[in-house]
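*Asks:* Quick one: the structure is below, and I'll ask about it shortly.
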Amino acid sequence: MSQPQPPSQKDRLCRLDAWLLPVAAKLVPRARRSDWLREWQAEFWHLRHTQSHAQKISDSAVEVLSLAWGLIADAGWFGINSVRESRRGTASACLLQLAIACSACLVIELFCAGSWHALGMVIIHYFVDRFMLVALPAIFVALATMPSRPRKCNRTQHAGVPTSRARWNLFLTAKIVLSLIFGFLFCVLVSLPVSKALGRYGDWLDVITSTIVLTTSLRLALDDQKHRCERCLRLLRQPVRIGPPSYNLLNWNGTELACAEGHGSLQVPEMQGSWCWYDLWVDSGRRVPLNSEPCI
Amino acid sequence: MTSGKLSHTVAIILKALSLGYQFGFDIMEVTGLPSGTVYPALRRLERDGLVSSNWEAEQQALKEQRPARRYYTLTRLGKEAESAATVRYPLLSRLIPEKLGNTR
């Protein structure tokens with residue numbers, strides 16, 4: 001199996017092994033780095049000692065480049081995946097996605113309008129003539145149809161330190177503002193071709209579109225907030241069914257969502273209503289009495 | 001990952017794993033896929049629970065006078081996906097020969 005290789009191919013492999021491997025390893029998260037290095041060193045050993053692979057490397061620089069690219073792609077995958085995992089469901093990721101959606105709408109509108117000046121005129125006209133008429137009622141409807149939680153159920157809600165509460169409210173405000181901006185820009189985007197095609201009859205369609213888009217985006221923003229950890233604002237995951245199914249509607253059963261950071265869990269009842277149960281946040285830092293029943 | 005989302009590349013890699021090819025260069029050699037495709041695909045499959053990996057026993061590696069390798073194997077979910085891929089791409093079975101001597 002092991003055969004002496006010509007110096008050129010040995011050099012190429014040694015260069016990859018000695019130079020590129022430590023550089024690419026910097027892209028891998030520290031926790032996985034030693035494992036990754038060990039795996040690739042074993043693979044390089046196999047490459048050096050297998051005649052078919054080694055011959056390819058010695059014959060073609062493209063093979064070396066392909067191998068170098070593979071090494072970097074693999075290390076890069078670990079780096080990107082680690083960032084993605086750490087950012088998944090966070091408040092900053094949510095705001096970033098909304099900001100990107102707003103920017104995308106703005107860029108398309110700029111392209112359609114032709115210039116910043118023309119776009120500014122369209123936006124001002126749309127905002128004053130149509131959006132203002134719809135936005136306030138839509139905000140009212142979105143907030144009014146949100147089921148409110150009675151005070152007795154708020155035993156753990158926002159009971160933590162004031163900074164957590166401030167962050168919670170700040171994030172909610174930022175999300176609502178960005179959702180409204182996105183709703184507005186999306187409506188402008190839809191209205192541009194509609195106005196051209198239908199003329200003044202397009203106004204009716206604009207009003208209907210604005211109402212639907214604004215109410216929906218606000219409700220989504222508010223619903224999203226309900227399923228977030230109250231401490232780190234990360235989206236809750238791992239839904240688990242808890243409680244026995246209730247045939248007479250008197251036993252509590254529902255779904256429990258947990259914070260990935262272990263800050264607590266949210267118990268969402270199967271049935272919700274003013275006469276029934278509400279979502280209950282159970283903070284892992286607070287001791288919950290064993291006999292405590294979900295809020296009725 | 002459902003069978004509906006299986007790409008050709010993933011189907012080929014799953015097939016290679018099911019036939020006894022267990023580490024990166026082994027899979028690259030039999031499939032002809034470049035390292036830039038095989039390794040990230042293996043990582044994704046492992047993350048999605050279709051593949052599991054573990055280190056070869058040191059004694060075995062020492063006996064063959066080489067460093068220990070990381071071996072990849074199909075999980076139950078991976079085997080189901082591989083069966084689905086074989087049904088969807090019948091030519092896969094002809095593309096990859098079965099490994100004669102398992103290195104493990």
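*Asks:* Measure nothing but the geometry: give the 0 to 90° angle between the long axis through the Cα atoms of B:8-18 and the longest principal axis through the Cα atoms of chain B, rounded to 10°.
*Replies:* Helix B:8-18 sits at roughly 50 degrees to that axis.
*Asks:* Using Cα pairs under 8 angstrom and six or more residues apart, how large is the relative contact order of chain B, in percent?
*Replies:* It rounds to 35 percent for chain B.
*Asks:* Compute the normalised compactness of region B:44-104: alpha-carbon radius of gyration over 2.2 N^0.38 Å, N being the residue count.
*Replies:* Rounded to two decimals, the normalised Rg is 1.39.
*Asks:* Run the simple label-point estimate for B:L62 and A:W69 please: 7 Å along Cα→C-beta, distance reported in nm.
*Replies:* That separation, rounded to one decimal, is 4.1 nm.
*Asks:* Going by alpha carbons, how many degrees (0 to 90, nearest 10) lie between the helix axis of B:35-47 and the longest principal axis of chain B?
*Replies:* The angle comes out near 80 degrees.
*Asks:* With every protein chain left in place, what is the accessible area of B:I13 in Å² (1.4 Å probe, nearest 10)?
*Replies:* Counting only protein heavy atoms, the figure is 0 Å².
*Asks:* Label A:H125 and A:L220 with points 7 Å out from Cα along Cα→Cβ: what is the distance between them in nm?
*Replies:* 2.8 nm
*Asks:* For A:S82 and A:R237, compute 0.36 nm times the residue count separating them, minus their Cα-Cα distance, and round to one decimal in nm.
*Replies:* Extending this stretch completely gives an extra 54.0 nm.
*Asks:* Right, another one. How far, in degrees from 0 to 90, does helix B:76-88 lean away from the longest principal axis of the Cα atoms of chain B, to the nearest 10?
*Replies:* The angle comes out near 50 degrees.
*Asks:* Let me see the P(r) profile for chain B: every Cα-Cα distance counted, bins of 5 Å, each bin given as a percent of all pairs.
*Replies:* It works out to 2, 13, 24, 24, 20, 9, 4, 2, 0, in whole percents.
*Asks:* Ignoring ligands and nucleic acids, what accessible area does A:H46 show with a 1.4 Å probe (Å², nearest 10)?
*Replies:* Rounded to the nearest 10, the figure is 10 Å².
*Asks:* Round to the nearest 0.05 the FRET efficiency obtained for A:W116 and A:Y201 when R0 = 30 Å and r is the Cβ-Cβ distance.
*Replies:* Taking R0 as 30 Å, the efficiency between A:W116 and A:Y201 is 0.55.
The values are calculated or read from the model by the stated rules, or taken from the named source; none is laboratory data. Because the structure is a prediction, the values reported are computed rather than measured. Heads up, the Cβs are rebuilt from the backbone with ideal geometry, glycines too, and the neighbour counts pull from every protein chain shown. The accessibility values were calculated without ligands, DNA or RNA, using every heavy atom of the protein model including side chains. Shrake-Rupley method; radii C 1.70, N 1.55, O 1.52, S 1.80 Å.
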